[in-house]
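Here is the structure we will look at, set down as structure tokens.
The values are calculated or read from the model by the stated rules, or taken from the named source; none is laboratory data. The shown structure was predicted, so the numbers you read here are calculated from the model rather than taken from an experiment. Positions of Cβ are backbone-derived with ideal geometry, glycine not excepted, and every protein chain shown enters the neighbour counts.
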Amino acid sequence: MSYHIDDYDSALWLLKKKGPQTLIEVANALKITTEGARFKLQKLANEELASSVTQVKGRGRPQQVWSLTSTGHAQFPDAHADLTVKLIHLIRQTLGEQSLETIISENEKAGIIKYREYLQGANSLEERVKKLAEIRNQEGYMAECQKQDEGYLLIENHCPICAAAQTCQGFCRSELNTFQYVLGENASVERVDHILAGARRCAYKVSPQ
């Protein structure tokens, strides 16, 4: 049985955004009873969307820790994945690697223009990072901004172009360049988590220069 976007369970979204969670953590985050959380998680397990392992977290008895399976992650759309991958291969084969780089560069320029327009009026670094998270969230990246002691963390819990990025990592390089450009010269942007490197999310540390 497959999930449609309107049928996403709140527990499914939680595990996607927060990563592995215990039963109590799920109950607390969703503001429901542990029995209610257990029902939701078992429902996901029955659909092979989530699974649990037993871990020792701190002192005390071992606990079940729940996380999404590969099927669970696949419920979150990768925008036109098959077609995009085919097009990338065709461009490489017929026009060459340099043409593909040109396309990525032009796409980067278009993204910079779009984001700069959206960030107009955001004067402080905090405002710019929050606005960037807003538009990335609208584009399907499940993005959020977290304040840190020194700067901010821009988190993207989902990558709707993951298949394209796996086929051509120039898209990831371009994305980092775009963030650096639109956040301004007084900001330093560093990717600290990367889905393609095995992390469950992409995350960028944004520090004031």
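Conditions tested, residue by residue: (1) closer than 28 Å to I155 by Cβ; (2) of a type in the set (G, A, S); (3) under 23 Å from the mean Cα position of the chain (by Cα).
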{"residue": "G96", "(1), (2), (3)": "no, yes, no"}
{"residue": "A110", "(1), (2), (3)": "yes, yes, yes"}
{"residue": "R116", "(1), (2), (3)": "yes, no, yes"}
{"residue": "E126", "(1), (2), (3)": "yes, no, yes"}
{"residue": "K130", "(1), (2), (3)": "yes, no, yes"}
Fill in the blank from the handout: E48: passes all of (1) surrounded by 16 or more Cβ atoms within 10 Å (Cβ to Cβ); (2) touching a helix residue (DSSP H, G or I) at 6+ places or on another chain (Cβ under 6 Å) but (1)
Exercise for the section: Test each condition in (1) over 27 Å from L23 (Cα atoms); (2) exposed (fewer than 11 other Cβ atoms within 10 Å of the Cβ); (3) of a type in the set (S, T, Y); (4) at pLDDT below 90 for S70 and report the one that comes out false. Expected result: (1)
Problem - Residue that is touching a residue at least 60 places away in the same chain (Cβ under 8 Å) and either in a helix (DSSP H, G or I) or of a type in the set (F, W, Y) (or both), where the choices are K40, K17 - result: K17
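Counting only residues that are at pLDDT 95 or above, among the basic types (K, R) and closer than 29 Å to Q98 by Cα, give me the strands (runs of 3 or more DSSP E) lying completely in region 114-209 with at least 1 of them.
Numbers: elements: 143-148, 151-156, 187-193, 202-208.
Answer list for region 114-209: 187-193.
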Handout entry: Those residues of region 152-209 which are closer than 15 Å to L132 by Cβ, surrounded by 19 or more Cβ atoms within 10 Å (Cβ to Cβ), of a type outside the set (A, V, I, L, M, F, W, C) and in contact with a strand residue (DSSP E or B) (Cβ under 7 Å, 6 or more places away or on another chain), in sequence order
Key = Y152, E156, Y204
